[in-house]
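All of the numbers you see were taken from the coordinates with simple rules; none came from a lab. Since the model is a prediction, treat every value here as computed from it, not as a measurement. Because the Cβ atoms are built from the backbone with ideal geometry, glycine has one as well, and the counts that use them run over all protein chains shown.
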Amino acid sequence: MRELFILKNGHALLVREATFQDALPLNEMAAQIFGSSDQVLTSLEEFQVSGTLEAQLKRIKHFSEAIGKCIFVAEIDRKLVGTIDFWNGNRKRIEHTGEFGMGVLSSHRDQGIGTCLIQMLLKWATVNPIIEKVKLGVFANNLRAVHLYQKMGFLEEGKRVAEIKMSDGQYHDIIEMYKTV
């Protein structure tokens, strides 16, 4: 799947399925995202330990071959600026549901890229033969993200209190959201 979008600033954004050629740029982009935000689960240090090129290649292969998994990348002028991935449950009774993670480079936020990525994911999920429910967890204090997900039709399902413990000892709640497709 691939689709061309026009962003708020008039630039063209291509959203497409990730390929093996994206492995290195995906790792570089992930390192930038993990290093520039405290609203993500993975720390930069954790990613640097596990985010090898070989691991990314295996991940892309696994996700591209699995019926309930996908990775999309967003690019402007052939440069990756965002990504979204989805993975479904690994047991028969929960394979109809899955969770996604998304990241956009800080230099490219507030242009509508997240909206485009979610639209593409929802199109994919709608035609997927097994996916019925798309869900996510978001930091409760990330009001911009919560607003985006609500705008895209996601509903709050619950809250995990003090789910995240930051390096400074502060705790953050996670809001669980979902959308049926």
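Add +1 for every Lys or Arg and -1 for every Asp or Glu among the other residues with Cβ under 12 Å from the Cβ of LEU80, and state the total.
Values: positive: ARG16, ARG78, LYS79; negative: ASP22, GLU28, GLU75, ASP77.
Local net charge: -1.
How much of the calculated P(r) for the chain lies past 20 Å, in percent of all Cα pairs? Numbers along the way, then the final one.
Numbers: 8946 of 16290 pairs.
When every Cα pair of the chain is considered, 55 percent fall beyond 20 Å.
Taking a temperature of 25 °C and a viscosity of 0.890 mPa s, what whole-number D in µm²/s does Stokes-Einstein yield for region 1-89 with Rh from Kirkwood over alpha carbon pairs? Before the final figure, lay out the partial values.
Values: Rh = 13.9 Å.
The estimated diffusion coefficient comes to 177 µm²/s.
Quick check for you: which residues of region 107-124 have the amide N under 19 Å from the point 7 Å beyond the Cα of ALA31 toward its beta carbon?
Inside the label zone: 107-108.
Under a 10 Å cutoff between Cα atoms, tell me which one of GLU95, GLU163, GLU132 has the largest fluctuation in the Gaussian network model of the chain.
Result: GLU163 has the largest fluctuation of those listed.
Which residues does the label zone of GLU54 cover in region 3-27, counting backbone N under 20 Å from a point 7 Å along Cα→Cβ?
20-27
With a 10 Å Cβ neighbour count serving as the proxy for reagent exposure, in which order, fewest first, do ARG93, ARG16, ARG2 appear? Kindly include the intermediate steps, with their values, before the conclusion.
Numbers: ARG93 7, ARG16 15, ARG2 10.
So the residues, fewest neighbours to most, are ARG93, ARG2, ARG16.
So, with +1 on the Cβ of K and R and -1 on the Cβ of D and E, and no other charges, what is the size of the charge dipole of the chain about its Cα centre, to the nearest 20 debye? Don't jump to the answer; show the numbers that get you there.
Values: 22 positive and 22 negative charges, 108 e Å.
Result for the chain is approximately 520 debye, rounded to the nearest 20.
When we measure straight from the Cα of LYS151, which aspartates and glutamates land under 19 angstrom away, once same-chain ones fewer than 8 places off are left out?
GLU99, ASP110, GLU176
What FRET efficiency comes out for ALA12 versus SER106 if R0 is 25 angstrom and r is the Cβ-Cβ distance? Round to the nearest 0.05. List each step's numbers first, then the result.
Numbers: r = 21 Å, r/R0 = 0.82.
So the FRET efficiency works out to roughly 0.75.
Report the full-extension gain for the segment ALA66 to LEU24: residue separation times 0.36 nm, less the Cα-Cα distance, to one decimal in nm. Please report the intermediate quantities before stating the final value.
Values: separation 42, 0.36 × 42 = 15.12 nm, distance 2.13 nm.
Difference between extended and current length: 13.0 nm.
HN-Hα J couplings of region 162-177 from phi, Karplus 6.51/-1.76/1.60, θ = phi - 60°, integer Hz, Gly and Pro as x?
6, 6, 10, 10, 7, 5, 8, x, 6, 9, 10, 7, 10, 8, 8, 10
Search the structure for amide H atoms under 5 Å from the amide H of ASN128, placed 1.01 Å from N in the peptide plane, and list their residues when 5 or more places away or on another chain.
It is none; the list stays empty.
For the chain, what is the mean residue ellipticity at 222 nm derived from helices alone (per DSSP H run of n ≥ 4: -39500 (n - 2.57); sum divided by total residues; nearest 500 deg cm²/dmol)?
On the way: 5 runs with 58 residues, N = 181.
Calculated mean residue ellipticity at 222 nm is -10000 deg cm²/dmol.
Sequence-distant or interchain residues sharing an amide H contact under 5 Å with LEU80, placed H: which?
none
Any chance you could check the Cα centroid distance between region 135-156 and region 1-74 for me, in angstrom?
So the separation of the two Cα centres works out to 20 Å.
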